[in-house]
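Q: I'd like to ask you about the structure that follows.
The values are calculated or read from the model by the stated rules, or taken from the named source; none is laboratory data. Remember, predicted model here, so these are calculated numbers, not experimental data. We place every Cβ from the backbone using ideal geometry, glycine too, and count neighbours over all the protein chains shown.
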Amino acid sequence: MNMDALTAIENFASSIFSAGMDFLFTWGEFIGVISMITLFARARSAGPVKMSPGKFIAGMLTSCMLVSLPAMINAGGVQMGFRADSFGPIAYVQPQTFGAAGAANAVLSLAKLAGVGFVMNGISIWRKAGLDGHTALSASESVSKGNVKFIAGVLLVFIDRVLNALLASIGIVF
């Protein structure tokens, strides 16, 4: 069996992409449910310091964001002017225009997978910013870091549309 590098990239990306998307969405749901349970347990405990209502609501919102990760990514994309995504592999490059279109689409699909990971990481950073023990300065740094990761992740998830918008604004037409 003789396999060239482009076919190897396509096969690797297709198997990693579908398994990775399923894993990240399932892991986001799991982390969201676990954080919601621990949030309720911490709010219910009778310790010396009670949890403020603001921290409780913020923790609840970020936990729900992790559970509904695909909806949050689509909402972020809609805010940037893109239509909702189905989270399937990208078919941006056409084989008629570029000979290695399958490998290029595979790399773009892996970038989309990385974008989902960035979005999930950004939401997790927001969730951790509300933990007790963070000063206002470290919490604001965490929120800023989470914002950057969320926005970069959404742009990577919608990379095919970002490329179209970039090419249209530059004036290059394929």
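Table: residues versus (1) without any contact (Cβ under 8 Å) to a residue 60 or more places away in the chain; (2) surrounded by fewer than 15 Cβ atoms within 10 Å (Cβ to Cβ); (3) under 29 Å from ALA111 (Cα atoms); (4) within 25 Å of the chain's Cα centre (by Cα).
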site: GLY28; (1), (2), (3), (4): no, no, yes, yes
site: VAL33; (1), (2), (3), (4): yes, yes, yes, yes
site: ARG42; (1), (2), (3), (4): yes, no, no, no
site: GLY47; (1), (2), (3), (4): yes, yes, no, no
site: MET60; (1), (2), (3), (4): yes, no, no, yes
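Q: Given the criteria among the β-branched types (Val, Ile, Thr), buried (at least 16 other Cβ atoms within 10 Å of the Cβ) and either closer than 17 Å to ILE90 by Cβ or out of contact with any strand residue (DSSP E or B) (no Cβ under 6 Å at 6 or more places or on another chain) (or both), does ILE9 qualify?
A: Yes: the conditions hold for ILE9.
Q: So, one more: Name the residues in the stretch 49-58 that are small (Gly, Ala, Ser) and surrounded by 16 or more Cβ atoms within 10 Å (Cβ to Cβ), would you?
A: Matches in the stretch 49-58: ALA58 only.
Q: Could you figure out which of (1) farther than 22 Å from SER124 by Cα; (2) touching a helix residue (DSSP H, G or I) at 6+ places or on another chain (Cβ under 8 Å); (3) not charged (D, E, K, R) isn't true of PHE17?
A: (1)
Q: Could you tell me whether the stretch 135-142 includes any residue that is surrounded by fewer than 19 Cβ atoms within 10 Å (Cβ to Cβ), modelled with pLDDT under 90, touching a Gly at 6+ places or on another chain (Cβ under 8 Å) and over 13 Å from MET72 (Cα atoms)?
A: Yes, because at least one residue in the stretch 135-142 is surrounded by fewer than 19 Cβ atoms within 10 Å (Cβ to Cβ), modelled with pLDDT under 90, touching a Gly at 6+ places or on another chain (Cβ under 8 Å) and over 13 Å from MET72 (Cα atoms).
Q: Would you check which residues across the stretch 62-104 are among the aromatic types (Phe, Trp, Tyr) and free of Cβ contacts under 8 Å to residues at least 60 places away in the same chain and list them?
A: Correct list: PHE98 only.
Q: Shifting gears a bit: I'm checking my understanding of the structure. Among residues of the stretch 74-125 that are over 15 Å from ILE159 (Cβ atoms) and in contact with a Lys or Arg (Cβ under 8 Å, 6 or more places away or on another chain), which one is surrounded by the fewest Cβ atoms within 10 Å (Cβ to Cβ)?
A: ASN121
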